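Quick notes on the structure that follows.
The values are calculated or read from the model by the stated rules, or taken from the named source; none is laboratory data. Only a predicted model underlies this, so the values are computations on that prediction, with no experimental measurement involved. For neighbour counting, all protein chains shown are included, and Cβ atoms are generated from backbone atoms with ideal geometry for every residue, glycine included.
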Amino acid sequence: MTFTFPEDTKKRAGAVRLTPDGQEYYVPTVLFMPDGETPVDFGGAQPPVDVVLQDNSDQIGGGTSYAPSDGNAVLTFSVRGTSTAREINFETADASGVYMACTAYSLTNPTIFGPTTTDGDDTAPTFWQVQVPAGWSFRASISAVSGGNVTAEGKAVIG
């Protein structure tokens, strides 16, 4: 019994390709459009976005919020700086713009999570992760800082 594969405009079989000797077919790691030349675009992941929530701040305040531009995001960020003491509140807001406490998760210690951290300096930065839904925003608000500054920055991946 023989089987005929569908062919593209270049007389190549649709989702399969001939081996170099022309005797067998294989499934390529890249699928092509019917023209046989253009790779199929499956809408792969967008590149990470740089996010700065606090930039060497020595003042109490909300800093800069992050809102995903297209879809839900996972934001991974560090808290560091020269301050001798600090308190950072993790907050999220929906379309109303009213910020409320939310939970961030430590990347270095799975038993640490919550709406606030007092850790993180240049010697021992802390690493956090939070999910930010489409249409929402997130910020790392400084409620206390002394003896220096605080930086909170990282990368967001929309997926």
State whether the residues of segment 62-81 include one that is more than 18 Å from SER137 (Cα to Cα) and surrounded by fewer than 18 Cβ atoms within 10 Å (Cβ to Cβ). no
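Could you please give the count of residues in segment 72-126 that are assigned to a loop (DSSP other than H, G, I, E, B) and touching a Cys at 6+ places or on another chain (Cβ under 8 Å)?
Qualifying residue count, segment 72-126: 1.
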Consider SER69 carefully, then state whether it is modelled with pLDDT under 95 and closer than 23 Å to TYR105 by Cα. yes
Please find, among ASP122, ASP94, the residue that is of a type in the set (D, E, K, R), on the phi < 0 side of the Ramachandran plot and at pLDDT below 95. ASP122
